[in-house]
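J.: Have a look at this one.
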Amino acid sequence: MHPIRRQRLGVVLFVVLFSSLAVGLVMYAMRGNINLFYPPSEVEAGIAPIGKPIRVGGMVEEESFRRNIDSLLVRFVITDFQSSLEVLYEGILPDLFGEGQGVVALGVLDSNGRFIASEVLAKHDENYMPPEVADSLKLSDKTSIGY
Amino acid sequence: MWTFFHKLGSPPWFYSIAGRILQWLLPLTLLLLATGCIWGLLFTAPDFRQGNSYRIMYVHVPAAVVALAGYYVMAIAGAICLIWKMKMAEIAMRATAPVGAFLTLTALVTGAIWGKPTWGTWWVWDARTTSMLILFFLYIGVIALYEAYEDKSIASRAAGILGLVGTVNIPIIYKSVDWWYSLHQPASITFTGGSAIESSMLYPLLLMITAFYSLFASCVLCNMRVSLIKREWRASWVRALVKED
C-alpha cells in the first residue's frame, strides 16, 4: 500500500476509534439519564428522587388492579420481581394495558412511597404470535416473559 | 480480482454494468415487495395481543434494518473516498445518503403510527427512538455538509469524516434496548437466539427485509447512474450513449 494511503487509513481508523471512545465516555457519564424509567427496586433503594417528575416502569402485578366506581381513578402495583410500587392514575389507559403486562408511567413519587402518575404507557414485549398459538400456550390474557 | 476493482472505478464500465444489474434487480424488487406486502398484510393471522396493528412491522422493521446497514455502506464508501480518493466511492456515498435518510424517516414515522395504539403515545425520548432520530440527522448532515462546499473534493472529505464519526451510533441503536431501560421492546429476531415471532408471521417479515435490501440496492444504483451522467456529460462515452438512443 502506498505510504500516503496508509497514513490516510491510519487517520480514518483514528477518527472511528476516538469518536467511539468519546461517545462511550459521554454515555458512561450519563448512564443514569439515558434510562427511560426507574424500576421499583431502584425506587425502593432511594435512587429515584421524591417530588420530581420521573418515569417508573415494571410489570403490573397479577390481581393488583383496582378501579374506582365513580371516577377514572385506578390503582395498581408494578413490580420488577424484586420489589413493588403502588401507582395511582386518573385517566384513560392504553389498550394494551393489563395485569402481567409491562407499563411505563410518568409522574411523581409522594412522601408515602406511592407513585402519582399523569401518563401511563403500555410496554409491548418482543413476542408475536397468532391468537390460536397463544391459546395453546395459555398466554392469551397474560404473559410472564419479560416486562 | 484487482482488475475488477479497477474497472469499478471506470464510469462507462460501471454505468453499463449497473444498467444490466438493474434490468433484473428492479423487477425482482417489485416482485419481492408485492409478495411480501400481500402475504404479510392479508395472509397472516392477527397478533394475539395487538390485533392487526402489528402488521406495520412489515414496513417498520425492514426500513429500520436497511437504514442501519445502509449507513455502513455509506461510511465505508466515505472511507474509501478519504483513503483512495476514488470518484466512484464519492458517488456511492452521495447516492446512499438520501436513500438511508428516507428509510430512517420511514422507520420513525411507522414507529410513531404503531406507538400510538400500542404504547399510547406517538413519541417517547427513550434510547432507541432518540438514537434512531440521531441517525436521521446524521444522514441529513452528510447530505448538507456535502452540498455546503463549492469545492467537491473538500466536500467529500468533510462528509466522509462525518459519516465515519456517525458509525458509532449504529451499535448504539442496535444495543440500546439491552443496555438501558427503554419503552421500545427488545429485538424479536437475534443472530444467536432465534425468533420470538411465530414462524407464520416471521417468513413474510424476512421476505420484506430481503425486498427492502433489494430496493435499497436498486435506488443506490439508479442514483449512481444519474450522478455519473451528470458529472461526465462532456465525456465521449456519454455522447456515444446519447447518439445510440
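J.: Sort through B:Ala97, B:Ala127 and tell me the only one that's within 18 Å of the chain's Cα centre (by Cα) and among the small types (Gly, Ala, Ser). Step through it out loud before you land on a result.
T.: Numbers: B:Ala127 fails: within 18 Å of the chain's Cα centre (by Cα).
Criteria check complete, one pass: B:Ala97.
J.: Does at least one position in the stretch B:24-41 carry a residue that is open to solvent by 90 Å² or more (accessible area, probe 1.4 Å), modelled with pLDDT under 90, assigned to a helix (DSSP H, G or I) and over 27 Å from B:Lys175 (Cβ atoms)?
T.: No, because not a single residue in the stretch B:24-41 is open to solvent by 90 Å² or more (accessible area, probe 1.4 Å), modelled with pLDDT under 90, assigned to a helix (DSSP H, G or I) and over 27 Å from B:Lys175 (Cβ atoms).
J.: Ok, one more. Out of the residues in the stretch A:96-130 meeting the condition of being surrounded by 15 or more Cβ atoms within 10 Å (Cβ to Cβ) and charged (D, E, K, R), tell me which one is farthest from A:Pro49 (Cα to Cα).
T.: A:Glu126
J.: Also: Name the residue that is modelled with the lowest pLDDT, counting only residues in the stretch B:185-200 that are of a type in the set (Gly, Ala, Ser) and outside any loop (DSSP other than H, G, I, E, B). Lay out the reasoning, then the answer.
T.: If we filter the stretch B:185-200 for residues that are of a type in the set (Gly, Ala, Ser), which is where we start, we get B:187-188, B:193-196, B:199-200.
So of that shortlist, the ones also outside any loop (DSSP other than H, G, I, E, B) come out as B:194-195, B:199-200.
On the way: B:Gly194: 74, B:Ser195: 81, B:Ser199: 86, B:Ser200: 87.
Filtering first and then ranking leaves B:Gly194.
J.: Name the single residue that is farthest from the other protein chains (Cβ to nearest Cβ) among those in the stretch A:34-64 being without any contact (Cβ under 8 Å) to a residue 24 or more places away in the chain and either open to solvent by 50 Å² or more (accessible area, probe 1.4 Å) or over 11 Å from the mean Cα position of the chain (by Cα) (or both).
T.: From the stretch A:34-64, those without any contact (Cβ under 8 Å) to a residue 24 or more places away in the chain are A:34-35, A:38, A:42, A:45-47; that's our starting set.
From the residues that got through so far, the ones that are either open to solvent by 50 Å² or more (accessible area, probe 1.4 Å) or over 11 Å from the mean Cα position of the chain (by Cα) (or both) too are A:34, A:38, A:42, A:45-47.
Values: A:Ile34: 5, A:Tyr38: 8, A:Glu42: 9, A:Ala45: 15, A:Gly46: 18, A:Ile47: 12 Å.
Selected residue: A:Gly46.
J.: Which numbered condition in (1) in contact (Cβ under 8 Å) with a residue 40 or more places away in the chain; (2) under 30 Å from A:Pro131 (Cβ atoms); (3) of a type in the set (Ser, Thr, Tyr) is the only one that B:Ser195 fails?
T.: That leaves (1) as the condition not met.
J.: Sort out which residues of the stretch A:81-101 are within 12 Å of chain B (Cβ to nearest Cβ) and modelled with pLDDT under 90, and write them in order of number.
T.: Within the stretch A:81-101, A:Gly91, A:Ile92, A:Leu93, A:Pro94, A:Asp95, A:Leu96, A:Phe97, A:Gly98, A:Gly100, A:Gln101 qualify.
J.: I'm trying to understand the selection: among the residues of the stretch B:146-184, which are assigned to a loop (DSSP other than H, G, I, E, B) and either of a type outside the set (A, V, I, L, M) or buried (at least 21 other Cβ atoms within 10 Å of the Cβ) (or both)? Write out each step before concluding.
T.: As a first pass, look at the stretch B:146-184 and keep what is assigned to a loop (DSSP other than H, G, I, E, B): B:149-151, B:167-168, B:180-184.
Across the stretch B:146-184, the qualifying residues are B:Tyr149, B:Glu150, B:Asp151, B:Thr167, B:Trp180, B:Tyr181, B:Ser182, B:Leu183, B:His184.
J.: Go through (1) open to solvent by less than 30 Å² (accessible area, probe 1.4 Å); (2) facing chain A (nearest Cβ under 8 Å); (3) hydroxyl-bearing (Ser, Thr, Tyr) and name the single condition B:Ser200 misses.
T.: Of (1) open to solvent by less than 30 Å² (accessible area, probe 1.4 Å); (2) facing chain A (nearest Cβ under 8 Å); (3) hydroxyl-bearing (Ser, Thr, Tyr), only one is false for B:Ser200: (1).
Here is a yes/no grid of residues against (1) more than 13 Å from every other protein chain (Cβ to nearest Cβ); (2) surrounded by fewer than 17 Cβ atoms within 10 Å (Cβ to Cβ):
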| position | (1), (2) |
| --- | --- |
| B:Ser10 | yes, yes |
| B:Leu82 | no, no |
| B:Met93 | yes, no |
| B:Ala101 | yes, no |
| B:Leu108 | yes, no |
| B:Thr118 | no, no |
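J.: Also: Quick test of your reading of the structure: A:Ser111 fulfils all but one of (1) touching a residue at least 24 places away in the same chain (Cβ under 8 Å); (2) assigned to a loop (DSSP other than H, G, I, E, B); (3) within 14 Å of chain B (Cβ to nearest Cβ). Name the failing condition by number.
T.: Unmet condition: (3).
J.: Let me ask something additional. Test A:Asp141 against the stated conditions and say whether it is of a type in the set (Asp, Glu), more than 13 Å from the chain's Cα centre (by Cα) and at pLDDT below 80.
T.: yes
J.: Now for a separate question. So A:Val15 fits all but one of (1) of a type in the set (Val, Ile, Thr); (2) open to solvent by 40 Å² or more (accessible area, probe 1.4 Å); (3) outside the structural domain of A:Leu109 (by TED's automatic domain parsing); what number is the exception?
T.: (2)
J.: Being crowded, with 19+ Cβ neighbours inside 10 Å and part of a loop (DSSP other than H, G, I, E, B) is the filter; apply it to the stretch B:120-145 and report the residue that is farthest from the other protein chains (Cβ to nearest Cβ).
T.: B:Val124
J.: For the stretch B:42-53, name all the residues that are in a helix (DSSP H, G or I) and touching a residue at least 60 places away in the same chain (Cβ under 8 Å).
T.: B:Ser53
The values are calculated or read from the model by the stated rules, or taken from the named source; none is laboratory data. Remember, it's a predicted structure, so these values are computed and weren't measured experimentally. Cβ: placed from backbone, ideal geometry, glycine included. Neighbour counts: every protein chain shown. These accessible areas exclude ligands, DNA and RNA; they are computed on the full protein's heavy atoms, side chains included. Shrake-Rupley method; radii C 1.70, N 1.55, O 1.52, S 1.80 Å.
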